[in-house]
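Everything below concerns the one structure shown next.
The values are calculated or read from the model by the stated rules, or taken from the named source; none is laboratory data. Quick caveat, the model's predicted, so the values are computed rather than measured. Backbone-built Cβ (ideal geometry, glycine too); neighbour counts: all protein chains shown.
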Amino acid sequence: MIPGPAGTVRTTAVGDGPLSRAAALIHTLVTVEALLLLAASPGLVALLFLGADPTNLPLAAVCLLPLGPALSAALYALHHRGRDLTDLHPARTYWRGWRLNAAPVLKLWAPLLGWLTVIAFTLTRFSSTGLPGWWAVLLVAVGLASLLWGAHALVLTSLFSFRARDTARLAGYFLFRHARATLGATSLLVLAAGLTALLTEALPALLAAPLLLSLLHSSRPVIAETQEEFTV
């Protein structure tokens with residue numbers, strides 16, 4: 001209760017203050033992180049039993065298939081998160097996002113994993129291909145562009161209901177249309193790669209929810225233009 005004008009008293013909602021909003025955000029991040037790991041766990045656990053041999057790359061791609069719907073559901077839940085501690089349902093929102101987006105996201109996620117697997121396998125055996133060295137640089141650049149395209153496609157698939165081919169085109173369009181959003185996705189990829197290389201490959205997975213929240217933040221221009229120009 002807060003004193004109002006002329007001696008009156010007005011009440012404030014439990015979730016109006018900055019402390020309550022921060023607590024709501026932390027609760028949502030922790031819940032979404034736990035559910036993301038749970039949804040992706042069949043593939044992530046299987047990855048632990050794969051060796052580092054390049055011939056296992058196709059199997060690794062198969063293991064990563066559940067990660068696509070898990071990431072998409074997390075983006076959906078974070079985008080639709082509540083700000084009020086008295087009205088938080090992150091688990092319900094997460095599973096709603098998973099049900100809505102699992103099939104659409106796999107239509108793009110599976111081909112992307114296949115394409116990245118081809119690039120990675122070629123790079124691991126590059127010395128035996130007989131190709132000039134600049135081809136390796138080109139393959140790395142193509143792989144990075146593919147990952148950035150995939151980041152845009154993941155956001156679009158998670159928040160909008162487009163056909164797969166339309167989402168693919170929009171993701172390619174936004175790759176150059178909103179350079180700052182693409183740069184934001186690039187910085188997150190570099191951060192995840194750095195955490196993996198310097199510490200442990202498990203750390204990006206454990207920090208997936210805040211990383212995805214950052215991706216949503218950097219993708220705001222993409223989301224806004226999609227709502228204004230490409231939805232009814």
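Looking at this structure, is THR28 farther than 30 Å from LEU123 by Cβ, of a type in the set (S, T, N, Q), in contact with a His (Cβ under 6 Å, 6 or more places away or on another chain) and at pLDDT 90 or above? So THR28 fails the test. Taken together, ALA13, ALA22, ALA6 contain a single residue that is at pLDDT below 85 and at positive phi, which is ALA6. Just one of (1) touching a Phe, Trp or Tyr at 6+ places or on another chain (Cβ under 6 Å); (2) at pLDDT 95 or above trips up VAL142, so point out which. So the condition that VAL142 fails would be (1).
Close contacts from segment 66-77, counting a first residue that is touching a residue at least 12 places away in the same chain (Cβ under 8 Å) and closer than 10 Å to SER158 by Cβ and a second that is of a type in the set (Asp, Glu) and not in a helix (DSSP H, G or I), with Cβ to Cβ under 7 Å and a gap of 6+ residues or different chains, come to none at all. Residues that are in contact with a His (Cβ under 7 Å, 6 or more places away or on another chain) and of a type in the set (Gly, Ala, Ser) are absent from segment 192-208. Answer with yes or no whether LEU195 is closer than 20 Å to LEU37 by Cβ and either over 12 Å from the mean Cα position of the chain (by Cα) or surrounded by fewer than 18 Cβ atoms within 10 Å (Cβ to Cβ) (or both). For LEU195, the condition - closer than 20 Å to LEU37 by Cβ and either over 12 Å from the mean Cα position of the chain (by Cα) or surrounded by fewer than 18 Cβ atoms within 10 Å (Cβ to Cβ) (or both) - is met.
Picking from residues in segment 66-124 that are surrounded by 17 or more Cβ atoms within 10 Å (Cβ to Cβ) and part of a loop (DSSP other than H, G, I, E, B), the one that is modelled with the highest pLDDT is PRO66.
Considering PHE162, PHE174, the condition of being in a helix (DSSP H, G or I) and either buried (at least 22 other Cβ atoms within 10 Å of the Cβ) or over 16 Å from the mean Cα position of the chain (by Cα) (or both) is satisfied by PHE174 alone.
The set of residues from segment 125-148 being out of contact with any helix residue (DSSP H, G or I) (no Cβ under 8 Å at 6 or more places or on another chain) and assigned to a helix (DSSP H, G or I) comprises SER127, SER128, GLY133, TRP134, VAL137, LEU138, ALA141.
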